[in-house]
Amino acid sequence: MVFFCFTMPTGAQAQKPDIPDPVKFPYKFDQVANMTRAVLEDMGLSIELDNRSEGKITTRPYDFITGSLTASEVDKVAIKKESLTGNWLKARYSAEAVIEIVSPTETMVTISANIEGLRRDVDGTENWFPMESLGVFERRILGKISVKLLGTESPVAPRKGFWGQRPQPVNPRQKAPGPVR
């Protein structure tokens, strides 16, 4: 019984990819393709290939994290295919949108992200390693396309944090906390 209790927690649960399904929009091909390109550019991604005859839009790699937090940030969006030693320096992703005509007035969009991480080995060599996407970037891009096309975008209200509050007067009758005697 004691052996079972100590062996059970050692196996950590592995994250599973959750790639979103393609989304079908009730719009013509050109409208969806133009909006997809606009959303990708709004997100700061540079378009590398826009082939309307094949229905593909591909972006250049975008560095989304660099520095000492690279390994932990990559774990949030991708699965490292190999357990490698060394230091992760940066990670990047590129997106590919596949736009297909379902009917003259319906178009389907599929998004896939290619994620890579740059790792420096102990001997100083640096290599890019592909990783398996968890679907975070894909959901984000498809969500923005849906919001823009379907018009469900809500107005952004300014968030009130600590610095957005007005100064509060101090109650002079309230006794200040002091050292306990």
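The values are calculated or read from the model by the stated rules, or taken from the named source; none is laboratory data. Just so it is clear, the model here is predicted, and its values are computed rather than measured. Please note: Cβ atoms are built from the backbone with ideal geometry, for glycine as well, and neighbour counts cover all protein chains shown.
A few points about this structure:
- Residue satisfying condition, being farther than 22 Å from K76 by Cα, β-branched (V, I, T), modelled with pLDDT under 95 and not in a loop (DSSP other than H, G, I, E, B), within set V147, V109, V180: V147
- Among residues of segment 119-140, those that are in contact (Cβ under 8 Å) with a residue 24 or more places away in the chain and hydroxyl-bearing (S, T, Y), counted: 1
- Of the listed requirements (1) assigned to a helix (DSSP H, G or I); (2) of a type outside the set (D, E); (3) under 19 Å from P130 (Cα atoms); (4) touching a residue at least 60 places away in the same chain (Cβ under 8 Å), V32 misses just one: (3).
- Any hit, segment 22-40, residues being touching an Asp or Glu at 6+ places or on another chain (Cβ under 8 Å) and of a type in the set (V, I, T): no
- The set of residues in segment 121-144 that are charged (D, E, K, R) and modelled with pLDDT of 90 or more comprises E126, E132, E138, R139, R140, K144.
- Residue count for segment 44-78, restricted to those that are outside any strand (DSSP E or B), free of Cβ contacts under 8 Å to residues at least 12 places away in the same chain and more than 15 Å from the chain's Cα centre (by Cα): 4
- Looking across segment 117-139 at every residue that is surrounded by fewer than 17 Cβ atoms within 10 Å (Cβ to Cβ) and basic (K, R), the one that is farthest from the chain's Cα centre (by Cα) is identified as R120.
- Condition met for D50 (over 16 Å from Y93 (Cβ atoms) and surrounded by fewer than 13 Cβ atoms within 10 Å (Cβ to Cβ)): no
- Considering segment 125-142, and only residues there that are assigned to a strand (DSSP E or B) and charged (D, E, K, R), the residue that is nearest to K81 (Cα to Cα) turns out to be E132.
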